[in-house]
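Structure, as structure tokens:
The values are calculated or read from the model by the stated rules, or taken from the named source; none is laboratory data. What you see is a predicted model, and the numbers here were worked out from it, not measured in a lab. Virtual Cβ from ideal backbone geometry, glycine too; neighbours counted across all protein chains shown.
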């Protein structure tokens, strides 16, 4: 697909209008289209999901809206503004559920949990701790905080709204300007106790002093710098308004710390209001505490959410501190510190009552930043080139090609350029802050000093002309000539940077222009800057996905062993100097033992299981090391599919096949021999061997299939592919044909394993055997339980079904759909899992009702006949869900699973079957808790089986941290398991041991894995399903749009036609998996 169509469908932006001056453009029409009374209840036939998402589902809401939110207005502007791009228009409608939740977050009728009630008695409560295994001492990067002064009501906290408006009537976009205004002496003089007033740097402030009257103060930023007084309508004249908003309520926090359980003590079921109210109070108080903690460091550090990083300016003055590294392509890695409050459970007292407290978690943080400096000087690094002249020629060629193919159509040219190599690289700079360096300091407007890049214009300053009035004559001049004449700056043939800005439209009478609703009308202006005068501002996070080399460099920089990590944490704690922090002292927040963290004497080391095979086992004393060999061991379950026809395909590159035919034959001989040693069965020991360029797509795959048919009597059951590199297009093409078209198990291997003209090592082939065995219906091993009462989990007839679920999202900048995966244990051994996958909208985390219905029905159709019963208990382990979304899993996903089960039983005329009891766990590794044991492995990491249930666990939840693996590099990260539903009532030691033992059954590893295998499998299946996306409708529409533009049609008309119909890329479905692979682990 050509770049034009791909960009039109995926991510097209509003085209730029030709300016009449390099820093001015013709004013556009009103930013807001007029809408008559948009914030009231629509008519009964209204189906607009922007207003009422329920309308599109056939339900009605009688409620009215008293006041619209600002987000609501923005979405209306987007929907109504003319000439919007196809992607913006369609995404707005395709994701109405998610966008409407944001738009209508203050609307009374919006039920966060879709009206589902949650039984308060079913929310698990920590009753006791696991007593199995043996106690071990472990340090945790967590510090207790005393907040008695706040919780007992002796200190009252008041919250204030802080508003900024400049002379143009709009809010300054840069926080730097807000900071300067806030720190102005005139403002500080009006604030009672300014030295203890907490300001978030944007719009909110807190104080223990009640300010009854509204504070209003005008600030002139020109006067601040010793310049002339600015005009009343200047953007440098800013009015600061401070007004009282609310008094913070610390009741929920105090009740929690005192052991009063507000949620579970309710006699009735919980609804959304109960959960939201509790979460709101917690959110407000924790937000205040976080900002108290941030006040002192924010003066000289960059704050990204809960992480602090040294500013680039300070780092340049202190180069001896090694906290930065070059990742390549103009990106730097920076090491900082993460600090966050967390309500924690500490221990049970002598009366078995829990002691709870607030704690601080401190850890090392690593982040990627744009490298600051002049953009032209940085371009070679950003594009991975060293020759500036070659780079300029590439830019010039790509822009000329775009203009030629687009026939001077601005929208089409922009779309073509975005698909070129230089265009893709430059697109990263959209929304990046920059400083123009061509003006003298006296000419620089304070408010305009730093700008956000709106777009990259695929036109050089030599090609762009504007009209200039000089000596009464109007002449045309290029931007390049203008900068040379006025500033003496010679510019090259690089694209220009565009900066959009909004300003009030002023009429001839000098007054604001209003629309018919009385709202001010804004015009859009565009400034153009050559690359030579653009400087990328420092301290800007790099938000894009790192490539393979950058990822490798980041890992080398970030990965540190436990001792080095602990030293960094201690240095960070010491630098924070909490005992002397004026804000913490004023608000009565005391960090207990600031120099020593939580040190548990009785964390648990669970008993390791043995690893059992057909012909023997590996004892627990060996598995506790975290690694074992399977030489001579026969798989617990050998492949049910015995390949009669199989083949090896070799990828060709410019130098020919990446390995020789002799190497392929040698690998085949070794594979058959080693596979047989593990109990694997091959009906035919000799494969067909083929070489071709799989980047050519379907043509090569068809040639491959025809080559196999010449010598085979049946379709192949197993295909090996040897490739020279990790090319995503090659890999996706292979999996797409094998998973969907042929229904054949496939295994991709890198040619680097065929060294010096020889076949791969025996260990590598043994690892390949584990994957192939799983894809052909087998299983590697099973865990021999270390606890007697856990054995009932593995007994036939218990009716236990284990489900793992995950949702994988596309990388930033991509419009690929999110993919949901649901995997299910095949039988009572829990070492084989079937997988179902479905598309899940775009960046939607909760699995949709339709996706669960489809996936779970297919799982039941496989599981019930195979086990000759319906499941009695379901252990549902969910990955990737935040704390705020946890109860939505119960209210939505578990609800949908139960409904799908009932519907399936009705279809079998088994309406009397009881709904299974659910035990629901959230498993996550996205946290900053680390263990530092007194006696660990050779690297200082915790030994597999290290369990922590207190000191850092949630204060009011049933959760634990489990380290079940051995970290190959760096510091091990334990998995946080949070139980949110337990209808079965499993004993604590039984479930924790079951989860730990299952980590030894991972299908393709000879080590225990860090997370429950079902969750790993769900993640693998979701990732592997990316090539299954049905792109046919998208390609068809893309080609149609592209051809119409190339044939000379007006692009605006083509875009308008495309808006009226067609498939949205965010709602693309997945093509069905071939039936031959549904009963095997095709994703392994």
Q | Selection within the stretch 446-480 - within 21 Å of residue 535 (Cα to Cα) and out of contact with any helix residue (DSSP H, G or I) (no Cβ under 9 Å at 6 or more places or on another chain) | A | 448, 451, 452, 454, 479, 480
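Listed here are the residues, each with its yes/no results for (1) in contact with a strand residue (DSSP E or B) (Cβ under 7 Å, 6 or more places away or on another chain); (2) part of a loop (DSSP other than H, G, I, E, B).
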site	(1), (2)
163	yes, no
169	yes, yes
189	no, no
219	yes, no
227	no, yes
230	yes, yes
234	no, yes
246	yes, no
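Let's see how each residue does on (1) without any contact (Cβ under 8 Å) to a residue 24 or more places away in the chain; (2) crowded, with 23+ Cβ neighbours inside 10 Å; (3) touching a strand residue (DSSP E or B) at 6+ places or on another chain (Cβ under 9 Å):
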| residue | (1), (2), (3) |
| --- | --- |
| 924 | no, no, yes |
| 942 | no, yes, yes |
| 954 | no, no, yes |
| 990 | no, no, no |
Q | Selection within the stretch 526-564 - surrounded by fewer than 19 Cβ atoms within 10 Å (Cβ to Cβ), over 26 Å from the mean Cα position of the chain (by Cα) and in a strand (DSSP E or B) | A | 535
Q.
The conditions are (1) modelled with pLDDT under 70; (2) part of a loop (DSSP other than H, G, I, E, B), and residue 1008 fails exactly one of them. Which is it?
A. (1)
Q.
Regarding the stretch 896-915, can at least one residue be identified that is surrounded by fewer than 20 Cβ atoms within 10 Å (Cβ to Cβ) and either under 23 Å from residue 1000 (Cβ atoms) or touching a residue at least 60 places away in the same chain (Cβ under 8 Å) (or both)?
A. no
Q) What are the residues in the stretch 697-717 that are in contact with a helix residue (DSSP H, G or I) (Cβ under 7 Å, 6 or more places away or on another chain) and either crowded, with 17+ Cβ neighbours inside 10 Å or modelled with pLDDT of 90 or more (or both), if any? A) 700, 701, 716
Q) Looking only at the stretch 962-979, which residues are buried (at least 24 other Cβ atoms within 10 Å of the Cβ) and part of a strand (DSSP E or B)? A) 962, 963
Q | Answer from 906, 950 - the residue that is at pLDDT 95 or above and either part of a helix (DSSP H, G or I) or more than 23 Å from the chain's Cα centre (by Cα) (or both) | A | 950
(Q) Here is a check on your reading of the model: is residue 642 in contact with a helix residue (DSSP H, G or I) (Cβ under 9 Å, 6 or more places away or on another chain), under 30 Å from residue 731 (Cα atoms) and modelled with pLDDT of 90 or more? (A) no
Q | Residues of the stretch 188-236 satisfying the condition of being surrounded by fewer than 12 Cβ atoms within 10 Å (Cβ to Cβ) and free of Cβ contacts under 8 Å to residues at least 24 places away in the same chain | A | 189, 193, 213, 226, 228, 229
Q | Condition met for residue 645 (within 18 Å of residue 780 (Cα to Cα), crowded, with 17+ Cβ neighbours inside 10 Å and touching a strand residue (DSSP E or B) at 6+ places or on another chain (Cβ under 9 Å)) | A | no
Q: Quick one: in the stretch 909-929, of everything that is under 30 Å from residue 365 (Cβ atoms) and part of a loop (DSSP other than H, G, I, E, B), which residue is farthest from the chain's Cα centre (by Cα)?
A: 929
Q | residue 341 being in contact with a helix residue (DSSP H, G or I) (Cβ under 9 Å, 6 or more places away or on another chain) and closer than 29 Å to residue 973 by Cα | A | yes
Q) Can you pull out the residues in the stretch 859-885 that are buried (at least 19 other Cβ atoms within 10 Å of the Cβ) and not in a loop (DSSP other than H, G, I, E, B)? A) 859, 860, 863, 867, 874, 875, 876, 877, 878, 879
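How many of the residues in the stretch 586-607 are in contact with a strand residue (DSSP E or B) (Cβ under 9 Å, 6 or more places away or on another chain) and either at pLDDT below 90 or assigned to a loop (DSSP other than H, G, I, E, B) (or both)?
11
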(Q) Condition check: farther than 17 Å from residue 142 by Cβ, surrounded by 15 or more Cβ atoms within 10 Å (Cβ to Cβ), modelled with pLDDT under 95 and outside the structural domain of residue 195 (by TED's automatic domain parsing). Does residue 616 satisfy that? (A) no
Q: Return yes or no: is residue 792 surrounded by fewer than 19 Cβ atoms within 10 Å (Cβ to Cβ) and free of Cβ contacts under 8 Å to residues at least 12 places away in the same chain?
A: yes
(Q) As an exercise: evaluate residue 649 against (1) part of a loop (DSSP other than H, G, I, E, B); (2) within 36 Å of the chain's Cα centre (by Cα) and give the number of the one condition it does not meet. (A) (1)
Q: Confirm whether residue 664 is farther than 30 Å from residue 336 by Cβ, assigned to a helix (DSSP H, G or I) and at pLDDT 90 or above.
A: yes
